[in-house]
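The values are calculated or read from the model by the stated rules, or taken from the named source; none is laboratory data. If you're wondering where the values come from, they're calculated on a predicted model, not measured in any experiment. Only protein heavy atoms, including side chains, enter the accessible area calculation; ligands, DNA and RNA are left aside. Shrake-Rupley method; radii C 1.70, N 1.55, O 1.52, S 1.80 Å.
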Amino acid sequence: MKGVIKLKRPVKIDGAEVSELSYDTDKITMDHYCRAANRSIVKGGGPTGANVAVDAGMQIYLGMYACIAENPGYDVADMERVTGHDLIEFMKVGLSFINGRDESAQEGSGASSGDMREPTTPTPFA
């Protein structure tokens, strides 16, 4: 999944103010995944959830590493300067990666998620 995180609070990376971070979860490697897991444990003082599906720290770091995978010149320390609600955007990217979802394909699909069943009680018609 590719996309862009538009930061509400820009960060400085290599002396330049950055307000958009492109990412690509398809470029996350085993090294990125392991670094994300390790970083979330070290920074969070241990796992923050029972598994990656509910581990918000891991999800945030996976989102960060999706940005790093797309922008190899960036470092995790650059991503850690992001603050406030912008962190949730990383979490959304990480969670989509974990769940195997492509958020861009999900939005606005208009597809029905369930089957339409006939009522079990007949409806009188006038």
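Side notes on the structure shown:
- L87 accessible area, assembled protein chains, probe 1.4 Å, Å²: 50 Å²
- Heavy atoms of I28: accessible area, 1.4 Å probe, square angstrom to 10: 30 Å²
- Accessible area, probe 1.4 Å, largest first, for residues C67, C34: C34, C67
- Gyration tensor verdict on segment 12-94 (Cα atoms; rounded if a/c is under 1.5, prolate if a/b is larger than b/c, oblate otherwise): prolate
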